[in-house]
1. Can you tell me the order of 258-267, 162-171, 333-342 when each peptide is scored by its average per-residue count of other Cβ atoms within 10 angstrom, highest first?
2. Which of Lys95/Lys168; Lys119/Lys249; Lys119/Lys168 have a Cα-Cα distance over 20 Å?
3. What is the dipole size for region 33-470, taken about its Cα centre, with +1 at each Lys and Arg Cβ and -1 at each Asp and Glu Cβ, in debye to the nearest 20?
4. For a quick check: with amide H placed at 1.01 Å from N, whose amide H comes under 5 Å from Ala71's, ignoring anything fewer than 5 positions away on the same chain?
5. Along region 42-52, what does the Karplus equation 6.51 cos²θ - 1.76 cosθ + 1.60 (θ = phi - 60°) give for ³J(HN,Hα), rounded to whole Hz, x for Gly and Pro?
6. What FRET efficiency would be calculated for the residue pair Thr204, Asn270, taking the C-beta separation as r and a Förster radius of 35 Å, to the nearest 0.05?
7. Neighbour counts of other C-beta atoms within 10 Å: give me His109, His378, His128, His345 arranged from fewest to most.
8. For region 286-322 and region 186-219, compute the distance between their C-alpha centroids and round to whole Å.
Amino acid sequence: MKMNRYRSAFVATGVAILWSAVSLAQLPAPLRPVPGRVVQTVTAPGFFSEPSVAVNPRNPQQVVVAYQVPASILYSQDGGKHWSHAAGVAPDNFKTSGDVSVTFDNQGHAILCYIAFNKLGTYNYWGHAANTNGIFVRRSLDGGKTWDEPAVAVSVQQQEPGIPMEDKPYVVADTSHGPHAGNLYIAWTRWSLADSRMVLSRSTDDGKTWTRPMEIDQSPGLPRDDNGALEGFDGAVGADSTLYAVWSKGNHIQFTTSRDGGKSFSRVANILHTAPIMFAVQDFERANGFPQIGVDPRSGDFRHARLYVTWSDYRYGDIDVFCSRSTDGGQTWGAPVRVNDDPIHDGSDQFFQWSALDPVSGAFSVIFYDRRGDPDDHKTVVTLARSTDGGKSFANYAWSHTPFVAAGDFMGDYSGIASYNGRVYGAWTEETAAKGPPVKAADPAAKRSNAHTVIRVGVADFSEPDSRHNEGMPGGGMKPGSGL
């Protein structure tokens with residue numbers, strides 16, 4: 001009987017070891033780190049999210065990161081080695097400011113765009129009971145250190161029953177040598193009680209004044225901030241000043257262009273069919289796969305422009321990041337390519353992507369949250385994917401590998417990425433166990449938050465010959481849990 005007990009214990013131990021080996025075999029090989037990796041936490045814990053990042057093409061050592069809440073700015077004068085906070089960015093005459101985006105124009109001026117409001121509408125139905133709100137712009141002429149006063153109003157909705165709510169603006173600069181070089185464009189969702197519309201304003205004087213917003217969609221969307229609305233504008237400008245724009249509507253990505261500096265737009269086309277672009281992700285208060293667009297300025301005019309569109313959806317069950325490309329200025333689009341290179345149907349979610357086109361090298365980079373290392377799909381890290389073959393394939397790199405769990409907090413709607421001459425800058429939101437000071441915010445989501453989120457900024461350097469040579473090689477060499 002004693003021998004039987006020993007034999008049973010031996011068999012049980014062997015089975016446990018076997019199952020452990022099977023579980024380990026199912027885990028993907030660890031990704032190799034991005035070359036020249038530097039990752040810094042640049043805020044204290046708080047209700048922070050939705051960062052945007054931009055590099056000055058006239059002085060690539062100048063990098064600016066914007067984030068919320070409230071609208072805030074970090075700037076670097078040495079290519080991301082050191083970061084400082086700019087003072088006095090958020091408006092004093094509104095309770096809340098956020099939904100930030102930042103770019104550099106062709107004069108090397110940083111342009112910050114944000115929304116500001118005193119009260120949102122009903123949850124997911126912003127037009128009902130909304131208070132004074134608007135979209136504003138501030139400029140920095142010194143790489144992000146100081147910002148013009150006062151802010152310039154792009155659109156303001158004064159307090160009255162049933163006013164629209166302006167939401168999710170994104171600023172785009174024409175830094176080409178085309179006929180409309182120097183133009184700035186901002187487009188956003190305008191919510192009302194009846195519908196959602198995509199509207200755009202442009203500036204031809206370096207952001208000092210802006211045109212009256214014009215509707216650029218042909219058909220409004222639903223009035224709620226879940227599936228069916230017109231949401232998630234992004235734009236890019238080609239070598240000949242053509243403005244290319246995308247957003248989501250239901251199960252489609254919509255696309256339009258302007259060749260006259262934003263005065264008029266082509267008829268909106270449904271270019272890509274997707275699974276629903278809003279979806280549930282474990283531990284996140286909300287998540288989405290809003291699209292982004294990039295254009296290679298080296299590819300030529302609107303007839304030959306090479307375009308990339310990225311988004312995420314759950315057509316394969318778990319959520320993946322996808323890319324489709326066009327080589328004829330958006331007339332035709334290729335089949336979607338999975339950007340994340342883990343096995344299909346592995347149950348791991350990849351989401352909250354953002355993308356950037358390097359105007360010097362032509363490399364196309366995508367940042368996203370990644371859960372391939374956790375069979376339970378809780379622990380999240382940040383991955384950088386990069387294509388150097390025109391979007392046909394993507395090499396995946398670990399940008400952060402110490403995972404976090406979101407714990408139900410609001411993590412925003414997007415991350416940020418910018419690229420110039422082989423260097424890539426990413427900005428993202430993470431959950432931390434440390435508690436920050438109490439956060440005052442008008443958004444009910446802020447009151448539910450434990451104020452645990454931080455903004456992190458990462459730098460990757462592909463400019464060295466060895467880095468370019470190693471792209472596409474199998475991953476490895478990184479031990480899970482090792483330090484940055």
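No value in this document is a laboratory result; all are computed from the given coordinates. Treat the numbers as computed from the prediction; the structure is a model and nothing was measured. Ideal geometry is used to build each Cβ from the backbone, glycine not excepted, and the neighbour counts take in all protein chains shown.
1. Result, highest mean Cβ count within 10 Å first: 162-171, 333-342, 258-267.
2. Lys119/Lys249
3. About 540 debye.
4. Counting only residues 5 or more places away or on other chains, the set is Ser97, Gly98.
5. Karplus values, whole Hz, x for Gly and Pro: 10, 9, 6, x, x, 9, 10, 5, 6, x, 10.
6. 0.70
7. Least to most surrounded, the residues fall as His345, His378, His128, His109.
8. When both Cα centres are located, 22 Å separates them.
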